[in-house]
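Below is one structure, written out as structure tokens; comments come after it.
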Amino acid sequence: MIKVARIRCIGGYRVRATFSDGMAGEYDFAGIIGHGGPMVEPLRDPAYFARVFLEDGAPTWPNGYDAAPGWLRREIEQTGALTPEVAA
């Protein structure tokens with residue numbers, strides 16, 4: 001099962017996720033946040049969005065909103081942005 005091993009906010013509503021298999025990529029949550037709803041409403045505040053953390057390998061925010069790791073990987077892969085993580 002693929003999990004997110006590292007997550008960081010890189011500005012706006014974008015995150016960079018590194019997966020447990022060493023693949024990584026960026027995803028923009030702006031489309032999801034733009035649709036609204038009570039769970040995503042707090043994420044509209046960029047400072048709140050930047051509080052993303054990992055819980056059991058899933059990107060999660062303090063209000064309990066989370067993103068399934070497999071879904072996030074597929075979304076990144078569909079944009080052609082999934083690549084092997086490069087060690088810094």
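So, with +1 on the Cβ of K and R and -1 on the Cβ of D and E, and no other charges, what is the size of the charge dipole of the stretch 4-84 about its Cα centre, to the nearest 20 debye? If you can, show how the numbers build up before the last one.
Details: 8 positive and 10 negative charges, 40 e Å.
Taking the Cα centre of the stretch 4-84 as origin, the dipole is about 200 debye.
Just to confirm a number: summing +1 for Lys and Arg and -1 for Asp and Glu over residues other than TYR65 whose beta-carbon lies under 15 angstrom from that of TYR65, what do you get? It would help to have the intermediate numbers written out before the result.
On the way: positive: ARG44, ARG51; negative: GLU41, ASP45, GLU55, ASP56, ASP66.
Residues close to TYR65 contribute a combined charge of -3.
What nm distance separates the two modelled labels at ARG51 and ASP21, each placed 7 Å from Cα along Cα→Cβ?
Taking the two extended label points, one gets 3.3 nm.
For the Cα atoms of the chain, what angle does the longest principal axis make with the long axis of helix 69-78, in degrees from 0 to 90, nearest 10?
70
If we count other beta carbons within 10 Å of each Cβ, what is the order of GLU85, GLU75, GLU55, fewest first?
Details: GLU85 16, GLU75 19, GLU55 11.
Ordered from fewest to most neighbouring Cβ atoms within 10 Å, GLU85, GLU75, GLU55 come out as GLU55, GLU85, GLU75.
Return the single residue from ALA68, ALA17, ALA58 with maximal mean-square fluctuation; model: Gaussian network over the chain, springs between Cα atoms under 10 Å.
The residue with the greatest mean-square fluctuation here is ALA68.
Taking the Cβ of each residue in LEU54, LEU43 as the centre, tally the other Cβ atoms inside 10 Å and list the residues starting with the fewest. Please report the intermediate quantities before stating the final value.
Details: LEU54 16, LEU43 21.
Lowest count first: LEU54, LEU43.
Since every read-out is calculated from the coordinates, none of them should be taken as a lab result. This one's a predicted model, so the numbers in the text were calculated from it and none came from an experiment. Please note: Cβ atoms are built from the backbone with ideal geometry, for glycine as well, and neighbour counts cover all protein chains shown.
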